[in-house]
Amino acid sequence: MRFLVLLLLFASSAQAKLDIQHWITPEGAKVFFAQTKGLPILDIALNFDAAASRDGDQFGLASLSSTLLGTATKYHNEEQIINAFEAVGAQFSTSSLKDMSIVSLRTLTRQPILKKSLDTFTEVITQPSFKQKYLTREKRQTLRSIEAGKQSPANIASLAFDKAVFVDHPYAHPKIGTQKSINQISLQDLEQYYQQFYVAKNLTIALVGDISKVKAKQIARQISHGLNVGQKAKANSIVLPLDQPQTIHIEFPSKQTHLLIGQAGINRSHPDYYPLYLGNHIFGGSGLTSILSDEIREKKGLAYSAYSYFTKMQSNGFFMMRMQTKNDQTNEAKNIAIETLKSFRNNTIDTQKLQDGKDNIIGGFALETASNANILTYLSIIGFYDLPLDYLSSFTDKIKDISAEDIQKSYERLIDMDKLIVLSVGAKK
Amino acid sequence: MKALILLFFGLFHSLFALANNHLSNQGITQATLGNGLKIVVKVDQRAPVFISQLWYKVGASDESRPTTGVSHMLEHMMFKGTRTYKSGEFSQIIARNGGDENAFTSKDFTAYYQKMHKSKLELAIKMEADRMRNLTFSNRELTKERQVVIEERRMRVEDKPNSKVYENLRLISFDKKGAYHSPVIGFQQDIETYSLNDLRVWYEKYYAPNNATLVVVGDVNPVEVVALAKQYFGDYAFNPNIKPSDRTATTLKGNSKVLKLKAELPFYVLSFPAPSLKTATDKSTPYKLEMLAYVLDNGLSKSLIRNQQIASSIGVGYRLYDKYDTLFTLSFIPANGVSNDTVLKAIKTQVAELINNPDFIQGELSRTKAQLEADFIFEQDQISTQSYYLGMLSTVGLGIDKMFTYVDNMNSISATEVSAIAKHYLNFDDANSVELIPQGVK
């Protein structure tokens, strides 16, 4: 407490503690807002639960729907929409992941720019018109992306790992679809998808920037009001661990073999979330100073990058160790990576490593919210994944008391050394 | 020798005009220590953090065979221990103090950075200063790190068909005796063979206070930054052997190359020799080229990707801030079933139209200006972007005021001027080109 008071005394007005405001629009959209001062800009992210995990058997449907937002509305064509954003210097973009599809806007807050960019943004998202000519074009573009993916060993490896770890779960297929699935998607599919998933109850709105709360409420209302109320999408089933190990090799004419080792993981409400988070930071999540990088790169020079991560998706993501090495060193790298994980799982780390990991997270925590763009991402995550409003402000408190035993036990509970997926893409073995 | 020159930079007017009051209370401080170390500080109090970057005037454009990539290799070795800290300890200490750190090497510079809580400013400056002069060179570390860099080259270049295309484009667009011919990471053969002494020589030649700029952006006190810089860098001697480089880049024209690679997609890149802001005699020329790149990128995306649908991607690039003569580049991936020639012909048609009828781009031009003005403000959101521009402009020798006059310079360009510059530089008969013909990945 004393520490906090001191901080406040020295803080300038621009640096007021991040105050996250939350409310729900009359139509049922969740809103998360943080006012920041110092730059005349506003960032908005509309996070819809309308991504690849909602594709059903129409792989690529969510991604195509997201891509077509902005191509036409009931009142304007594509070039008019692009010109309207560009004329006020606003940045409009869409992206589609596995849990969420994000429609975003970055604009100046000066009038009349703010009003113009918000009006176009609102129209694009609430009054879209799906046209066959754009669908045909974007399908061709998607097929081109699928081809492009086939010349990247990193991409081939990622897709194969998803399939191995998620099996028949909605997370298993490539989010941009397959050649076969893309060809079968129709305009009606897109319209239906939009009607079902681009609805207020399926939306988390994040706003960050130099606007008042009154203005933020007005903007959220404007967007939400134009959408159907709809229904929140039902949760997918939880990803389960595999019941046996898998070794997969995909032959590819590259100089390096991409090596991916892992298993099913966790979501953000997992009881061991914090010890697993801190543990991964120390094990493979903090660049050159992490244990995995030290063993693979610093001690042996086997790879340029060697790291591990949890994907923490809604229905459980995966845990993965990832590296690339010259083809004939693959076995050596694989053995070291597995031994390193095994040792981390079975033994407690020394107190210095534990303290270093905590100090890095806690000491650097201010960097996490140092830009509007970063804050926007956090607000989206907090809202979309139903995290508590104090997620950020309590984060370092959750980290500071974790013991080496807590970490070891959490890895022992989660990681099953006998059921790992070991996937490689590279020259013939 | 340790006299301190403090200059408070008169940027308030241009900032006021550009950013509507919001930045008018933020200034930039510049100083130069007696030993030649330049210091640039920009205060940004939005969060209690800072980024500290040390920029050296050395990069791939200073290199020749058989030591291409030596700047980048040295960058890796900078984490491998000094007389005070053993190998890896730099990263460990920064990390346990909450820092995020790394380094990057390019054609015209090598830079190191730490992003940390504002209470750690002294630590960052102290440790960066230590490795400017006290690096220990160990053969054991070099042996391992050489392998890491070779793996990095495999990952970034060898296994990426489009990276190989760009590497080849530079080989045929720049004479091998001058700058920009060789890749930043170096040729594989060179990476495999440089000795510890090559690295030591490079370090001794270029790592000195009068060849570096310290840039700090964040919630810091400029007077304190300068005082700390003086405390930790101030005792290093000025290196009299460092002279302005007499190197040049010699651009070539009319060269072409076909690459048959294990790839799935075709890719085509063209380059047109062009001056940079540094080398141009008429300083408005580079801004016109920059505007041409924006207008063409937007215009070709509209007509070739969105309307005619004969290309699946288009890229137009120009390196305004290169230290030497540079390239204006055009690249594309044709749509499925469309030949490169069809796309090339459409590009030429559109360029001809732009040249013959400036009104054709009037709308594109005014929208681009609105975007650039907004982008300038959007870029202030990241302290790393701000420090990048300040450090790069200082290191290339252009001066940091270019960051703040950019939007005004771009705003003053007319459609007629863009047409004229296109006519002068986009001569397709003289362009260099690299064509990737994919052979499949089986």
### Dipole of segment B:135-237, positive end: most advanced residue of B:196, B:184, B:225 [Cβ charges, Cα centre]
B:184
### Mean separation of Cα contacts under 8 Å, 6 or more apart, over the residue count of chain B: relative contact order %
21
### Query
From the Cα gyration tensor of chain B, with a ≥ b ≥ c the square roots of its eigenvalues, which class applies: rounded if a/c is under 1.5, or else prolate if a/b is larger than b/c, or else oblate?
oblate
### FRET efficiency estimate (nearest 0.05) - Cβ-Cβ, residue A:238 to residue A:413, R0 22 angstrom
0.90
### Query
Using all Cα-Cα distances in chain A, what percent lands in each 10 angstrom bin from 0 up to the longest?
4, 19, 26, 26, 18, 6, 0
### Summary
Dividing the helical contributions, -39500 (n - 2.57) per DSSP H run of n ≥ 4, by the residues of chain A yields a 222 nm value, nearest 500 deg cm²/dmol, of -12000 deg cm²/dmol
### Summary
Between residue A:95 and residue B:416, the two model label points (7 Å from Cα along the beta-carbon direction) sit apart by a distance in nm of 4.4
### Task
Specify whether the C-alpha gyration tensor of segment B:251-307 places it in the rounded, prolate or oblate class, a ≥ b ≥ c being the square roots of the eigenvalues: rounded for a/c under 1.5, otherwise prolate if a/b is larger than b/c and oblate if not.
oblate
### Message
Can you divide the C-alpha Rg of the protein assembly as shown by 2.2 N^0.38 Å and report the result to two decimal places?
### Response
0.94
### Query
Label points 7 Å out from Cα along the Cβ direction at residue B:341 and residue A:231: separation in nm?
5.8
### Task
Can you tell me the equivalent ellipsoid semi-axes for segment A:88-170? Use √(5λ) from the Cα gyration tensor, largest first, whole Å.
34, 16, 14
### Query
What list of whole percents do you get for P(r) of segment B:132-218, with Cα-Cα distances grouped in 5 Å bins up to the one holding the largest distance?
3, 11, 17, 17, 18, 17, 13, 5, 0
#### Entry: Computed [θ] at 222 nm, helices only, for chain B once each DSSP H run of length n ≥ 4 contributes -39500 (n - 2.57)
-12500 deg cm²/dmol
### Query
With chain B treated as a Gaussian network of Cα nodes joined by springs under 10 Å, which of B:378, B:328, B:272 yields the largest mean-square fluctuation?
B:378
## Note on the structure
On the formula 1/(1 + (r/R0)^6), with r taken between the Cβ atoms of residue B:83 and residue A:347 and R0 of 35 Å, the FRET efficiency rounded to 0.05 is 0.50
### Debye intensity ratio I(q)/I(0), log10, segment B:42-142, q values 0.10, 0.20, 0.22, 0.23 Å⁻¹ (C-alpha model)
-0.30, -1.03, -1.18, -1.24
### Query
Using the Kyte-Doolittle scale, which helices in chain A average at least 0.5 and also have C-alpha atoms spread 20 Å or more along the helix axis, with helices defined as whole DSSP H runs?
none
### Task
Report P(r) for segment B:380-442: all Cα-Cα distances, bin width 10 Å, range 0 to the bin holding the largest distance, values in whole percent.
15, 24, 25, 26, 10, 1
### Query
Against the longest alpha carbon principal axis of chain B, how many degrees, from 0 to 90 and to the nearest 10, is the axis of helix B:161-173 turned?
90
#### Entry: Choice from B:120, B:144, B:288 with maximal GNM fluctuation in chain B (Cα, 10 Å cutoff)
B:144
### Query
What ratio of Cα Rg to 2.2 N^0.38 Å holds for segment B:113-178?
1.71
### Message
Run the numbers for residue B:192 and residue B:430: contour at 0.36 nm per residue of separation, minus the present Cα-Cα distance, in nm.
### Response
82.1 nm
### Message
Show log10 I(q)/I(0) for segment A:195-263 at q = 0.11, 0.14 Å⁻¹, two decimals, from a solvent-free Debye sum over equal Cα scatterers.
### Response
-0.63, -0.71
### Query
Roughly how tilted is helix B:222-233, in degrees to the nearest 10 and between 0 and 90, from the longest Cα axis of chain B?
70
### Summary
If one compares the long axis through the Cα atoms of helix B:139-153 with the longest principal axis of the Cα atoms of chain B, the angle in degrees, nearest 10, works out at 20
### Cβ crowding within 10 Å averaged over residues, with B:342-348, B:52-58, B:242-248 ranked highest first
B:52-58, B:342-348, B:242-248
## Note on the structure
Between the modelled labels at residue A:272 and residue B:307 (7 Å from Cα along Cα→Cβ) the distance in nm is 5.9
## Note on the structure
The whole-number value in µm²/s of the Stokes-Einstein translational diffusion coefficient for segment B:305-442, with Rh from the Kirkwood sum over alpha carbon pairs at 20 °C and 1.002 mPa s, is 120
### Message
Just want to confirm a number: the relative contact order over segment B:316-402, from Cα pairs under 8 angstrom separated by 6+ residues, in percent.
### Response
21
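Values quoted throughout were computed directly from the atomic coordinates according to the rules given, and no laboratory measurement underlies them. Small disclaimer: the values here were computed from a predicted structure and weren't measured. Cβ: placed from backbone, ideal geometry, glycine included. Neighbour counts: every protein chain shown.
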